[in-house]
1. If a residue has to be in a loop (DSSP other than H, G, I, E, B) and touching a helix residue (DSSP H, G or I) at 6+ places or on another chain (Cβ under 9 Å) to count, how many in region 22-46 make the cut?
2. Quick one: which of GLY167, GLY160, GLY178 is of a type in the set (Gly, Ala, Ser), at pLDDT below 90 and under 25 Å from ILE126 (Cα atoms)?
3. Check off (1) modelled with pLDDT under 95; (2) surrounded by 18 or more Cβ atoms within 10 Å (Cβ to Cβ) for GLY93 and give me the number that stays unchecked.
4. Quick one: how many residues across region 94-110 are out of contact with any strand residue (DSSP E or B) (no Cβ under 6 Å at 6 or more places or on another chain) and either within 12 Å of ALA35 (Cα to Cα) or not in a strand (DSSP E or B) (or both)?
5. How many of the residues making up region 174-195 are within 18 Å of GLY109 (Cα to Cα) and touching a Phe, Trp or Tyr at 6+ places or on another chain (Cβ under 7 Å)?
6. Can you tell me which residue among TYR53, TYR5, TYR84 is under 22 Å from PHE98 (Cβ atoms) and touching a Leu at 6+ places or on another chain (Cβ under 7 Å)?
7. For region 67-85, enumerate the residues that are surrounded by fewer than 19 Cβ atoms within 10 Å (Cβ to Cβ), touching a residue at least 40 places away in the same chain (Cβ under 8 Å) and either acidic (Asp, Glu) or over 15 Å from GLU23 (Cβ atoms) (or both).
Amino acid sequence: MEKFYKLFRRNLKTPRLELRVLEPTPENAELVWNAIKNENPADFKYVNWTPEYKKPLPESLAETLAQMQQEQNRDVIPNGAVWYVFHDGKLIGHHGVFYFNNNKSMQSGNVWFVKSAWGHGFNQEIWALLIKMAFEQLGANRIMRQCMANNEQSQKSISGSGFHLDGRIRASTQMPDGTFMDQLVFTKLAKEYKK
């Protein structure tokens, strides 16, 4: 795990983006809140980035800070890395990954982008870097990504990054409104990676 921590728990750059590690401080929470407070929650129906995962997005600065602290404790400290995505100095999204050392497998964490950042290939750009680092530097054997079965935008992005659809996990995710949704599972193996 130390190698994963050293490689991924730091600020990274792609050709157009900065991926910054932001600690859950009041100042950083305000930066995130200012980026999302005017977004339409309906545009984030597949995202559960809130305290206790009960709503798509936090509805206040206090909730934003609570979510950042919760994510740090539940996801980052055990086996994850989380970045806040900046384009031209402006916060446009959030991206996380997990690593499981026992089977050398990386898995996508929570990902969201503000609506104005959709359709620009930013997520594919991030994944190009993460895939390269995972296979070439970390020595991962497998990378897994998931999305809701009716989230066509994510499916296109994941497939466009060279991932193969492995299958469907039925009724695996409970949404804030109480309904259950299927998830699709995509993977890319080290032997399928071309430098």
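1. As a first pass, look at region 22-46 and keep what is in a loop (DSSP other than H, G, I, E, B): 22-25, 37-40, 45-46.
Remaining after also requiring touching a helix residue (DSSP H, G or I) at 6+ places or on another chain (Cβ under 9 Å): 22-25, 37, 39-40, 46.
Count: 8.
2. Numbers: GLY167 fails: at pLDDT below 90; GLY178 fails: under 25 Å from ILE126 (Cα atoms).
Result of the check over GLY167, GLY160, GLY178: GLY160.
3. (1)
4. Count: 4.
5. The total comes to 4.
6. On the way: TYR53 fails: touching a Leu at 6+ places or on another chain (Cβ under 7 Å); TYR5 fails: touching a Leu at 6+ places or on another chain (Cβ under 7 Å).
Exactly one residue qualifies, and that residue is TYR84.
7. The one that is surrounded by fewer than 19 Cβ atoms within 10 Å (Cβ to Cβ), touching a residue at least 40 places away in the same chain (Cβ under 8 Å) and either acidic (Asp, Glu) or over 15 Å from GLU23 (Cβ atoms) (or both): ASN79.
Each row is one residue, and each column tells you yes or no for (1) over 19 Å from the mean Cα position of the chain (by Cα); (2) farther than 19 Å from VAL97 by Cβ; (3) hydroxyl-bearing (Ser, Thr, Tyr); (4) assigned to a strand (DSSP E or B).
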{"site": "ILE143", "(1), (2), (3), (4)": "no, no, no, yes"}
{"site": "GLN146", "(1), (2), (3), (4)": "no, no, no, yes"}
{"site": "GLN153", "(1), (2), (3), (4)": "no, yes, no, no"}
{"site": "LEU165", "(1), (2), (3), (4)": "no, yes, no, yes"}
{"site": "ARG168", "(1), (2), (3), (4)": "yes, yes, no, yes"}
{"site": "ASP177", "(1), (2), (3), (4)": "yes, yes, no, no"}
{"site": "ASP182", "(1), (2), (3), (4)": "no, yes, no, yes"}
{"site": "VAL185", "(1), (2), (3), (4)": "no, no, no, yes"}
{"site": "LYS195", "(1), (2), (3), (4)": "yes, yes, no, no"}
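The values are calculated or read from the model by the stated rules, or taken from the named source; none is laboratory data. Predicted, not measured: the structure shown is a model, and the values here were computed from it. FYI the Cβ positions are ideal-geometry reconstructions off the backbone, even for glycines, and counts take in every protein chain you see.
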